[in-house]
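J.: Submitted below is the structure of interest, expressed as structure tokens.
Read-outs throughout are calculated quantities, based only on the coordinates presented, and are distinct from any laboratory measurement. Computed from a predicted structure; not experimentally measured. Cβ: placed from backbone, ideal geometry, glycine included. Neighbour counts: every protein chain shown.
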Amino acid sequence: MEQKIKSQKLSPMRYIRNNKRRVSVLVVSLSLCISIIYVVNFLVMTTDAMARNVFLDTRKLSCVIGFTLNFEDDEYADKDNDELKKIWNDIYRENAQKLDQEENIVKAIPFYPVNIQISPPIGTLGFNLPFIDTENADVLLEHMGATLIEGHLPEKPNEIALDKATMLNRGFSVGEKINDFTITAILKCDYYFGYGIIGNERYTGLNVLTKECVKDATTLFPLIEREYNKDTDMVDDYNTFMHDYEVYVKKELVDSTKYIYVGIFILLFVSLFVVYTTYLRDRHNEWCLYCSIGYSRRSIYLSIMGELLFTFIVAILAGTVITTAMVFILDALMMSPKGMMCQYFYPDKILEILCAFVLFFGLLQLPIRYALYKIRTIDAMEDDLY
């Protein structure tokens, strides 16, 4: 009889069929662990994606330069503010025309900026709306790939148009007044974008629309016969925004939330480790019985590994379904209604989670080996008593 038992293998599936509730607890715990980790990461990466759109993607299409003018000379002493503003704006227009002659430049547009903020899942982001002359609106819209979907394009001073995502994010509607500005149009655009019609303000910069990305906008100053002065002049180019993205977004926002992500990760896996250790301890007497009737520790180990492998595979499949559902629900209830640009799947993050589960699977060998070490036959226990 004992020889027959030794030749047989314990069936992990038999235990699973007879203990569905106990196995289900482990499956659900692991599945929720996958979902929580991925959803937290999904919120962080959505914030990162929106920041890249604001800081980097638009700067592949344009750059900004600005310069100050000295009106302290005697020739300007008798000029009033309106005359000085006209001289200032005329100089900006003249420099814009000089840049328009360059091969890589589609159009240089004098503008006055107004900042508008949007809310990603974590923190806040802001971008500038260029307030421009009406005649420059068409080329700006065409360059940004923006088209009208509701209302009418701005025509009068302080009228503005915003892309649909920004409108949703801020809860704005056509006809609404924001401070001194009136929204007249909703635009379809791949970027967080908008523009307005300038009133009595002075231009403060040139929005330079380019065919190819200009990473260093200081190279444009010689083209307008000016020497760049870092103390008085201004540039917003790809390099500048990359620095802002790296420092203010990636390091301070995204990287800081990674500590929260890692903390949640560790907490969940420690909790699962404790749950599984308790699960092993509850089965101690069962394995002692198996060992007493002739099953080897190796047979018991292989059975445990079969159960564990089955549990992990089912948990990963269930976790994938739950996570996909949660991401779709978050998008339907939170992301899309708030104009948040996101993607559902991040292959590198999925790989990270799978690698973490492989590591966790390996770490569980420690309590399993200890549980096998503690197995004793009934005869051995009787010898201890006598």
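J.: What Kirkwood hydrodynamic radius do you get for the chain when you take the inverse of the mean 1/r over all pairs of distinct Cα atoms, in Å?
T.: Computed over the chain, the radius equals 26.0 Å.
J.: Convert each backbone phi in the stretch 309-326 into a coupling constant with the Karplus relation 6.51 cos²θ - 1.76 cosθ + 1.60 (shift: θ = phi - 60°), then list the ³J(HN,Hα) values in order as whole Hz, x for Gly and Pro.
T.: 4, 4, 4, 5, 4, 5, 5, 5, 5, 5, x, 5, 5, 5, 5, 4, 5, 5
J.: Along the principal axes of its C-alpha atoms, what lengths does the stretch 141-199 span, in descending order and rounded to whole Å?
T.: 27, 23, 16
J.: Only bridges whose two residues both fall in the stretch 62-212 count here: according to DSSP, what percent of them are antiparallel, nearest 5?
T.: If I count the DSSP bridges inside the stretch 62-212, around 80 percent turn out antiparallel.
J.: Mind pulling the angle between the C-alpha long axis of helix 256-282 and the longest principal axis of the chain? Nearest 10 degrees, somewhere in 0 to 90.
T.: 10 degrees
J.: As a check on your grasp of the helix formula, calculate [θ] at 222 nm for the chain: sum -39500 (n - 2.57) over DSSP H runs of n ≥ 4, divide by the residue count, round to the nearest 500.
T.: Result for the chain, helices only: -16000 deg cm²/dmol.
J.: Taking the Cβ-Cβ separation of residue 17 and residue 286 as r and a Förster radius of 22 Å, what is the calculated FRET efficiency to the nearest 0.05?
T.: 0.90
J.: A follow-up question, please. Along its three principal axes, how long is the stretch 303-349 when you only count alpha carbons? Whole Å, largest extent first please.
T.: So the extents along the principal axes, rounded to whole Å, are 51, 21, 8.
J.: I want to check the label-to-label distance for residue 156 and residue 227. Put each point 7 Å from Cα in the C-beta direction and report it in nm to one decimal.
T.: About 4.7 nm, to one decimal.
J.: Another question, if that's okay. Tell me the net charge near residue 355. Cut-off is 14 Å between Cβ atoms, residue 355 excluded, with +1 for each Lys or Arg and -1 for each Asp or Glu.
T.: Cβ neighbours under 14 Å give a net charge of -1.
J.: Give me the number: length gained by fully extending residue 266 to residue 358, i.e. 0.36 nm times residue separation minus the C-alpha to C-alpha distance, one decimal in nm.
T.: Taking 0.36 nm per residue and subtracting the Cα distance, the gain is 31.7 nm.
J.: Given N residues in the stretch 137-275, what is Rg(Cα) / (2.2 N^0.38 Å)?
T.: So the stretch 137-275 has a normalised radius of gyration of 1.49.
J.: Please identify, among 348, 190, 138, the residue showing maximal mean-square fluctuation in a Gaussian network model of the chain using a 10 angstrom Cα cutoff.
T.: Result: 348 has the largest fluctuation of those listed.
J.: I've got another one for you. Using only Cα atoms, find the angle between the long axis of helix 347-363 and the longest principal axis of the chain, and express it within 0 to 90 degrees, rounded to the nearest 10.
T.: It is inclined by approximately 30 degrees.
J.: What would the Debye equation give as log₁₀ I(q)/I(0) for the stretch 62-212 at q = 0.09, 0.11 Å⁻¹, counting only Cα atoms as equal point scatterers?
T.: Relative scattering, expressed as log10 I(q)/I(0), comes to -0.32, -0.47.
J.: Against the globular-protein guess of 2.2 N^0.38 Å, express the Cα radius of gyration of the stretch 30-132 as a ratio, rounded to two decimals.
T.: 1.72
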